[in-house]
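The values are calculated or read from the model by the stated rules, or taken from the named source; none is laboratory data. This structure is a prediction, so every number in the text was calculated from the model and none was measured. With ideal geometry, Cβ positions are generated from the backbone for all residues, glycine too; neighbour counts draw on all protein chains shown. Areas reflect the complete protein model, heavy atoms only, side chains present, ligands, DNA and RNA absent. Shrake-Rupley method; radii C 1.70, N 1.55, O 1.52, S 1.80 Å.
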Amino acid sequence: MIADRHHAVHVSTGDIFRTAVKKRTALGLEAKRYMDRGQLVPDATVIGIVEERLAEPDAERGFVLDGFPRTVDQAQALEAIAQRRGQSIAPVINLLVPHEDVVKRLSGRRVCRECGAMYHLILAPPTNAGLCNRCNGELYQRDDDHEDTILARLDVYTRQTDPLVQHYRSRGVLTEVDGTGQQDAVANRIAAVLDGRGQ
Ligand code: AMP
């Protein structure tokens, strides 16, 4: 939603890995070992693919990074990439959502195999059960959206990603946004920050 509003490219490292897994490339085989356990793919691999993706011509009009950076090392690499491009990383938005809500959202999430559209069994169900509203594609549950892997991912988040909050706060670029509630409401809160209107 944010990328559409700003005519920017949506760059999701998770999507890049899932496509590579589907195509069984060397990157996909490496990433799958970590993804299945809810662990992070090694920094060097992730940083390399982000750098390559941002070098593509469509990223010149701006990009929304989704799922990156997830470690302080990734954040530092991103700052170096941005500096080389004459850009700065700001604003950084931290979406605040209680872990129990995260578990409910992820365990009920269903994704279209064809177009990647996302649904939730209770919070945002498709019109026809199991089928995508947009393209009629089949909906599936991500392997890492089962409860045991979700809990492992939250643990990884607390240990490896949460330190980024302090990293960006100390640089004065962090804004905390209430991430609870409906998609539209959260998107509007983020838009207000991006437009400089506060929350
Ligand atoms: P996501 O779709 O963002 O939830 O990512 C799914 C999985 O892909 C994660 O659990 C990681 O295994 C891997 N992944 C995605 N982005 C990153 C990243 N920035 N650093 C390391 N691993 C990542």
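Can you report the number of residues in the range 123-145 which are on the phi < 0 side of the Ramachandran plot, more than 17 Å from the chain's Cα centre (by Cα) and at pLDDT 95 or above? Before the answer, list the steps.
Residues of the range 123-145 that are on the phi < 0 side of the Ramachandran plot, as a first pass: 123-129, 131-135, 137-145.
Then keep just the ones that are more than 17 Å from the chain's Cα centre (by Cα); that gives 123-129, 131-135, 137-140.
So of that shortlist, the ones also at pLDDT 95 or above come out as 125-129, 131-135, 137-140.
Total satisfying the criteria: 14.
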ask   = Using beta carbons and a limit of 7 Å, which pairs, at least six apart or on different chains, have the first residue in the range 97-125 and over 15 Å from Leu139 (Cα atoms) and the second one assigned to a helix (DSSP H, G or I)?
value = His99/Leu154; Val102/Leu154; Val103/Glu147; Val103/Ile150
request  = Check the range 85-95 and report whether any residue there is farther than 19 Å from Asp144 by Cβ, out of contact with any Gly (no Cβ under 7 Å at 6 or more places or on another chain) and open to solvent by less than 30 Å² (accessible area, probe 1.4 Å).
outcome  = yes
query = Could you say which residue among Gln183, Gln166 is exposed (fewer than 13 other Cβ atoms within 10 Å of the Cβ) and touching a residue at least 40 places away in the same chain (Cβ under 8 Å)?
reply = Gln183
task = Would you mind telling me which numbered condition in (1) farther than 19 Å from Val156 by Cβ; (2) more than 11 Å from the ligand (Cβ to nearest atom); (3) more than 15 Å from the chain's Cα centre (by Cα) Asp101 fails?
result = (1)
inquiry  = When you check Val46 against the structure, is it crowded, with 18+ Cβ neighbours inside 10 Å, among the β-branched types (Val, Ile, Thr), within 15 Å of the ligand (Cβ to nearest atom) and more than 30 Å from Leu123 (Cα to Cα), yes or no?
reply    = yes
inquiry  = I'm told Leu96 meets every condition in (1) closer than 17 Å to Val173 by Cα; (2) within 15 Å of the ligand (Cβ to nearest atom) except one. Can you identify the failing condition by its number?
reply    = (2)
message = I need the full set of residues from the range 1-43 which are within 9 Å of the ligand (Cβ to nearest atom), among the basic types (Lys, Arg) and not in a helix (DSSP H, G or I), in order please.
response = Arg37
